[in-house]
């Protein structure tokens with residue numbers, strides 16, 4: 001994940017849901033702008049009914065104003081993107097770029113192929129350590145309880161590699 005402060009960010013539902021499950025929404029602080037398409041917000045609230053927009057630091061709900069760019073329209077068929085992922089990538093494109101926050105492989109691959117930076121829940125945990133919003137030991141504790149605390153599907157091997165990358 002590249003430097004993130006001062007970056008415009010568009011959120012997909014995954015990081016909203018998973019950071020809420022982990023009680024880590026504060027890790028979204030410090031971006032230049034944090035945009036959430038309304039279809040993404042509805043999906044997040046469907047999974048986390050008590051989630052409130054005011055709990056997401058600096059976020060605002062906004063929707064793309066035009067159609068998806070042609071490369072994205074083509075990728076939708078190849079990668080089987082969901083409505084929220086399409087809206088998020090389209091909004092990112094309309095906003096002039098920045099970063100997509102998503103935990104979905106297809107959305108991540110599509111955004112990267114279009115030249116956007118991408119991060120997910122695990123990347124936000126590392127960013128939080130760098131920004132001193134959370135400590136390495138706190139992240140290790142989260143990892144040790146990961147399967148019980150979140151619905152994010154991550155292989156044991158990836159979780160182990162991630163844990164090994166967490167600084168002290």
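The values are calculated or read from the model by the stated rules, or taken from the named source; none is laboratory data. A quick note: this is a predicted structure, and the numbers were derived from the prediction, not measured. Reconstructed Cβ throughout: ideal geometry from the backbone, glycine too, with neighbour counts over all protein chains shown.
Residue 48 falls short on exactly one of the conditions (1) more than 15 Å from the chain's Cα centre (by Cα); (2) farther than 18 Å from residue 103 by Cα; (3) touching a residue at least 24 places away in the same chain (Cβ under 8 Å), and that condition is (2). Scan region 128-141 residue by residue and report those that are in contact (Cβ under 8 Å) with a residue 40 or more places away in the chain and touching a helix residue (DSSP H, G or I) at 6+ places or on another chain (Cβ under 7 Å). Answer for region 128-141, where residues must be in contact (Cβ under 8 Å) with a residue 40 or more places away in the chain and touching a helix residue (DSSP H, G or I) at 6+ places or on another chain (Cβ under 7 Å): 128, 133, 134.
Inspect region 98-106 for any residue being farther than 16 Å from residue 12 by Cα and touching a helix residue (DSSP H, G or I) at 6+ places or on another chain (Cβ under 7 Å) and give the result as yes or no. Checked against the condition, which is being farther than 16 Å from residue 12 by Cα and touching a helix residue (DSSP H, G or I) at 6+ places or on another chain (Cβ under 7 Å), region 98-106 yields no hits at all. Against the test of being buried (at least 18 other Cβ atoms within 10 Å of the Cβ) and at pLDDT 95 or above, the options 56, 45 yield a single qualifying residue, 56. Using the structure shown, decide if residue 84 is at pLDDT below 95, part of a loop (DSSP other than H, G, I, E, B) and either under 18 Å from residue 117 (Cα atoms) or out of contact with any helix residue (DSSP H, G or I) (no Cβ under 9 Å at 6 or more places or on another chain) (or both). When the stated conditions are applied, residue 84 does not pass them. For region 98-107, state whether one or more residues are modelled with pLDDT under 85 and outside any strand (DSSP E or B). No, region 98-107 has no match at all. Please tell me if residue 80 is buried (at least 18 other Cβ atoms within 10 Å of the Cβ), in contact (Cβ under 8 Å) with a residue 24 or more places away in the chain and either closer than 22 Å to residue 38 by Cα or out of contact with any strand residue (DSSP E or B) (no Cβ under 6 Å at 6 or more places or on another chain) (or both). No.
Count of region 86-117 residues, restricted to those that are under 25 Å from residue 159 (Cβ atoms), buried (at least 20 other Cβ atoms within 10 Å of the Cβ) and in contact (Cβ under 8 Å) with a residue 60 or more places away in the chain, is 8. Checked against (1) surrounded by fewer than 21 Cβ atoms within 10 Å (Cβ to Cβ); (2) over 13 Å from the mean Cα position of the chain (by Cα); (3) touching a residue at least 24 places away in the same chain (Cβ under 8 Å); (4) not in a loop (DSSP other than H, G, I, E, B), residue 167 meets all criteria but (4).
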